[in-house]
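One structure below.
The values are calculated or read from the model by the stated rules, or taken from the named source; none is laboratory data. As the structure is a prediction and not an experimental result, all values here were calculated from the model. Cβ: placed from backbone, ideal geometry, glycine included. Neighbour counts: every protein chain shown.
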Amino acid sequence: VNDIKITALGAGQDLRGLKHNEYRPSLIILDDVDGEKNTYNTQSREKIFNWFTQAVLKAGAPKALNMVAVATLLHTDSLLGRLTKKEEFPDWTKPVYRAVEAFSKREDLWQKWGNVLFNRGDAYDGEVGLPAADRFFKDNKAKMLKDTKVLWEAVEDYYTLMKIREVEGSYSFDSEKQNDPTNAKECRYDPEKFHYWDDEFPTLERLLAFFGSDYRYIGACDPSVGVKSGRSDHSAIIILAKHKGKLYVIDVDIMQRSQEDLVQAIVNFCKIRRPMDKFVIEANLFPELLLKTVQEYAYKENVLAPFKEIRNTKNKELRIFGMETYITTGTILFSRQHTILLDQLKYFPKDDHDDGPDALEMALREAEINQIGFLPLTDDVKDRHGRDIDHPDFGRTTPEEDARDEDDEEDGGSFFFAG
């Protein structure tokens, strides 16, 4: 038509010498050239990439070639993945479309909705399943949809997309709907291989009855940057129960809130989870402000709890990945209800939020389990400053010691050593 020729070829086919009369192609459209078979194999990805750079880019008319690549982003190192990276192909325009452009900030309500949908320990009006989940959404719709935004409302609204995400799983959803695939090599934790206490005990009451009186609680809070900036931001509270060498994740409270709400939440957990053996609060951001406020509010509420500051001087990824042995061996047991924490662990360190894993690591550390080097904390163990395990400042550092630690880290060193 109008002396315009259209040719369809498969990925990897020879394009050399392709012409229409004396003209070389002026428009090349690449549609899903990666394909699933080529995406998940390193050699196949390299083969497609070499075909693209050596054949496709050379096939067009000099200075007159327009090229469009369209596909679902299935792997960060696929051809489309490399075309959309900032550091590669800087002369390309790189729009990336996502079905959900802004997620709900009420993750707590969506987590409860998912638990009702799949009967993970929560019910709504005494019922579970899709009809109950639909009613829960209808009754909380304004809160659950506040500030959300989707790409194509008329085709897939936010609620429809959340059903797809819950049913098909976040891995598939992020890749197929969000063009945001996870690189499995960079994310170490797989919740499918975790150990879950609610597989054996359907309710918390049954679990606590199994413990009898032989258990204690350990709490931890990662206040995130909200404490420093004065604005609402994500913060995490984790409550563990320790019983005969096992650690059970009992409470997970991860949400966006003000510092005032965070303080109230910390004290409320200390009210309902007794005996609270320890409760640690990250002290890297204005510790005297948050800890003092928590202590004052607890005193006002007649709550006695052993609050303690904890300073994190080690690399966060090293600390959180240091939990791996305890997670894979079942020393830590999770609950399937805590989907926000499980997702943050699954995507760490690529997720936008890591408050939950950070708080979990602090609680684990405070439960007298040494995650660096996997050494038991026996009486002959000292911290790097020579303090015995019974010393009240064991494992903690002063600002002066922090400064020395930073110098030591340049030369390498471990957090604990045996005396």
Worksheet entry | Residues that are surrounded by fewer than 17 Cβ atoms within 10 Å (Cβ to Cβ) and over 23 Å from Leu207 (Cα atoms), drawn from region 233-264 | Ser258, Glu260, Asp261, Gln264
Worksheet item: So which helices (runs of 4 or more DSSP H) stay within region 266-348 end to end and still have 2 or more residues that are farther than 21 Å from Asp251 by Cβ?
Response: 287-300, 316-321, 324-328
Discussion item. I'd like to know if region 362-376 contains one or more residues that are crowded, with 21+ Cβ neighbours inside 10 Å, closer than 18 Å to Trp110 by Cα and either modelled with pLDDT under 85 or not aromatic (Phe, Trp, Tyr) (or both).
Written reply: no
Discussion item. Regarding region 234-241, can at least one residue be identified that is hydroxyl-bearing (Ser, Thr, Tyr), modelled with pLDDT of 90 or more and not in a loop (DSSP other than H, G, I, E, B)?
Written reply: yes
Worksheet item: Could you give every pair whose Cβ atoms fall below 7 Å, whose first residue belongs to region 200-219 and is assigned to a loop (DSSP other than H, G, I, E, B), and whose second residue is hydrophobic (A, V, I, L, M, F, W, C), counting only separations of at least 6 or pairs across chains?
Response: Phe201/Leu207; Phe201/Phe210; Tyr215/Ala241
Response to the item:
Restricting region 205-229 to residues that are surrounded by fewer than 16 Cβ atoms within 10 Å (Cβ to Cβ) and of a type in the set (Lys, Arg), the one modelled with the highest pLDDT turns out to be Arg206
Practice prompt. Working only within region 22-41, note down all residues that are without any contact (Cβ under 8 Å) to a residue 12 or more places away in the chain and either closer than 22 Å to Gly81 by Cα or polar (S, T, N, Q) (or both).
Written response: Lys37, Asn41
Discussion item. Just to check your reading of the model, which residue among Val249, Val263 is free of Cβ contacts under 8 Å to residues at least 60 places away in the same chain and closer than 30 Å to Phe103 by Cα?
Written reply: Val263
Discussion item. So in region 1-52, with the set limited to residues that are within 21 Å of Asn179 (Cβ to Cβ) and charged (D, E, K, R), which one is surrounded by the most Cβ atoms within 10 Å (Cβ to Cβ)?
Written reply: Asp34
Response to the item:
Only one of (1) in a strand (DSSP E or B); (2) touching a Pro at 6+ places or on another chain (Cβ under 7 Å) does not apply to Ile254, and that is (2)
Practice prompt. Among the candidates Lys278, Lys292, Lys316, Lys300, single out the residue that is of a type outside the set (A, V, I, L, M, F, W, C), touching a helix residue (DSSP H, G or I) at 6+ places or on another chain (Cβ under 8 Å), over 26 Å from Phe103 (Cβ atoms) and surrounded by fewer than 21 Cβ atoms within 10 Å (Cβ to Cβ).
Written response: Lys278
Discussion item. Let me confirm something: among Val68, Val96, which residue is under 20 Å from Leu151 (Cβ atoms), in a loop (DSSP other than H, G, I, E, B) and at pLDDT 90 or above?
Written reply: Val96
Worksheet item: Does Arg120 satisfy the criteria of being within 30 Å of His338 (Cβ to Cβ), basic (Lys, Arg), in contact with a helix residue (DSSP H, G or I) (Cβ under 6 Å, 6 or more places away or on another chain) and surrounded by 15 or more Cβ atoms within 10 Å (Cβ to Cβ)?
Response: no
